[in-house]
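A short worksheet on the structure shown next.
None of the figures in this text is laboratory data; all of them are computed from the coordinates on show. Remember, predicted model here, so these are calculated numbers, not experimental data. Every residue, glycine among them, receives a Cβ derived from its backbone with ideal geometry; neighbour counts consider all protein chains shown.
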Amino acid sequence: MKSTFTILFTALLTVSCSVMSRQVRQDAISPPSLATMINQVDQYRGQTVILGGYLIEIKNIPGQTQLTLLQAPLKLDGKPGAKDRSEGRLIISTSRFLDPEIYTRGREITVGGKISGSSVEAADKPLFPYLKLAARELYLWPKYKELPYRYPYDDPFWYWDDPWWYGWHRPYYFHGPVYRRYHHRRHHYW
């Protein structure tokens, strides 16, 4: 029983951050809280972690791009979760050029990177607790437009029968014998 639980838990952790490559997932440690990593940055420096958040700002400097993220805990699929549970900010540096028209404010990003510093070291900016990462991999989550629910089109128990005569209706087995008699009366005209 215990070994079955261990196997299932390991499989869940392996699948949990599947947006990152296998190499990054193998190198990554299970991150403690962000506050712990910020306050004890010397202990975690150089180690790979997988974190995520919402983009606040992007700066393109010659030869480098810096992203500032509002950290959010990751869901099981590796996507950033609720902003309300943020413990601080992430400053991510990468050598790639990232277009500010694509990487816009509020986009969800998951990053696998090495810890390189924190706000504890920088005395000039103690406003926000932040952790610096050198990105190994970045994943920008696609932006989906949320569609409103449209009744009856999104109702799985409705179907389209004859647009000129009946329109939308539920199958007769949802309505019983009264509906069946009415339904057959309308077929009489055909």
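Spin-label pair K75-K59: with each label point 7 Å from Cα along the Cα-Cβ axis, the two points sit 3.2 nm from one another.
Each of K83 and Q40 was given a label point 7 Å from its Cα along the Cα-to-Cβ line. The distance between the two points is 3.1 nm. Label positions at S18 and I102, each projected 7 Å from the Cα along the C-beta direction, are separated by 2.3 nm. Residues whose amide H comes within less than 5 Å of that of R107, counting only those at least five positions distant or on another chain, are L55 (H built at 1.01 Å from N in the peptide plane). Diffusion of segment 21-82 by Stokes-Einstein, at 37 °C in a medium of 0.692 mPa s and with Rh set to the Kirkwood radius over alpha-carbon pairs, works out to 246 µm²/s.
Which shape class applies to segment 17-140: rounded if a/c is under 1.5, otherwise prolate when a/b exceeds b/c and oblate if not, where a ≥ b ≥ c are the square roots of the Cα gyration tensor eigenvalues? Since a/c stays below 1.5, the shape of segment 17-140 is classed as rounded. For segment 87-102, backbone phi angles converted through the Karplus equation (6.51, -1.76, 1.60; θ = phi - 60°) give residue-by-residue couplings of 10, x, 10, 10, 10, 10, 10, 9, 7, 6, 7, 10, 6, x, 6, 8 Hz, Gly and Pro being listed as x.
Going from the fewest other Cβ atoms within 10 Å to the most, the residues T104, T68, T110 appear in the order T104, T68, T110.
When each of L55, L140 is scored by the number of other beta-carbon atoms lying within 10 Å, the sequence from fewest to most is L140, L55.
How do E57, E108, E101 line up, fewest other C-beta atoms within 10 Å first?
The order, fewest Cβ neighbours first, is E101, E57, E108.
Karplus-derived 3J(HN,Hα) values for segment 69-81, using 6.51 cos²θ - 1.76 cosθ + 1.60 with θ = phi - 60°, are 10, 7, 5, 9, x, 7, 7, 5, 7, x, 7, x, x Hz; glycine and proline are entered as x.
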